[in-house]
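Data first, discussion second: the structure below is written as C-alpha cells.
Just so you know, all these numbers are worked out from the coordinates, no wet-lab data involved. Bear in mind the structure is a predicted one, so any value in this text is a computation, not a measurement.
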Amino acid sequence: MKLKILLKRLLKEKGMTQLELSHLSSVPQSKISMLCNNNYQELNIANLEKIATAMEITNISELLEFIEEK
C-alpha cells in the first residue's frame, strides 16, 4: 500500500493555486508542490493540519488515500 496525497485535485476543485494555499496555510509553496506531486520522503503532520484548516477539510479522506502498489 502507498499513501497518496490528493492535494492537486483539491486545489483544482477549489480553484486555488499553490501560492494562495501557501499564504493561507503558512506552509512553504515548495512543500505544497512536493505534496501535489506526491514527491515526499516524510510527511509533516503539522503542515497537513495547516493545509486542511486553510482548505476547510474536515475529513482526512478528502486529502489522503491508500492505493495498492502494482
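Distant-in-sequence amide contacts of Leu64, defined by a placed amide H-H separation under 5 Å and a gap of 5 or more residues or a different chain, comprise Leu6.
Residue by residue, the range 31-45 carries 3J(HN,Hα) couplings of 5, 5, 4, 4, 5, 4, 8, 6, 10, 9, 9, 9, 10, 9, 4 Hz when phi is fed to the Karplus relation 6.51 cos²θ - 1.76 cosθ + 1.60 (θ = phi - 60°); x denotes Gly or Pro.
Restricting the calculation to Cα atoms, the chain shows an Rg/Rh of 0.94 when the hydrodynamic-style radius is the Kirkwood one.
Whole-Hz Karplus values for the range 12-25 come out as 4, 4, 8, x, 10, 8, 4, 5, 4, 5, 4, 5, 6, 9 Hz, taken residue by residue from phi with 6.51 cos²θ - 1.76 cosθ + 1.60 and θ = phi - 60°; glycine and proline positions read x.
In the chain, helices alone account for a calculated mean residue ellipticity at 222 nm of -13500 deg cm²/dmol, with every DSSP H run of four or more residues adding -39,500 (n - 2.57).
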